[in-house]
Amino acid sequence: MRYSIIFTAVLAAFALGGCNFPSADTPAAPVSVAVPVPGPAGPVGATGNTGATGNTGNTGATGNTGDPGPTGNTGATGGQRTVVVVPASNN
């Protein structure tokens with residue numbers, strides 16, 4: 001415990017010794033620099049030429065119509081019909 005207090009005190013002394021304290025010197029007077037002031041703007045220039053337009057590409061060819069598919073076979077003729085009679089219920 002004794003060594004940590006001594007070590008902290010020495011470390012604080014070194015840390016505070018490295019601080020840069022401001023001096024009481026008076027700052028130097030600012031130096032005036034002559035800055036040229038631009039004059040009035042000149043006349044507006046002529047308008048430039050319009051750029052060339054791009055070429056439009058050609059339309060592509062229309063594709064061929066597809067071939068019609070084959071005609072399907074005729075279905076088989078129906079067979080004999082069966083009739084089912086359901087008796088009415090007496091409720």
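The values are calculated or read from the model by the stated rules, or taken from the named source; none is laboratory data. Computed from a predicted structure; not experimentally measured. Here the Cβ is made from the backbone with ideal geometry for all residues, glycine too, and neighbour counts use every protein chain on show. Please note that ligands, DNA and RNA were not included when accessible areas were found on the heavy atoms of the full protein model with its side chains. Shrake-Rupley method; radii C 1.70, N 1.55, O 1.52, S 1.80 Å.
Yes or no: T8 out of contact with any Asp or Glu (no Cβ under 9 Å at 6 or more places or on another chain) and surrounded by 10 or more Cβ atoms within 10 Å (Cβ to Cβ)? Considered against the rule, which asks whether it is out of contact with any Asp or Glu (no Cβ under 9 Å at 6 or more places or on another chain) and surrounded by 10 or more Cβ atoms within 10 Å (Cβ to Cβ), T8 comes out as yes.
Given the condition of a type outside the set (A, V, I, L, M, F, W, C), open to solvent by less than 90 Å² (accessible area, probe 1.4 Å) and part of a loop (DSSP other than H, G, I, E, B), answer yes or no: does some residue in region 21-34 qualify? Within region 21-34 (the criterion being of a type outside the set (A, V, I, L, M, F, W, C), open to solvent by less than 90 Å² (accessible area, probe 1.4 Å) and part of a loop (DSSP other than H, G, I, E, B)), the answer is yes, since at least one residue qualifies.
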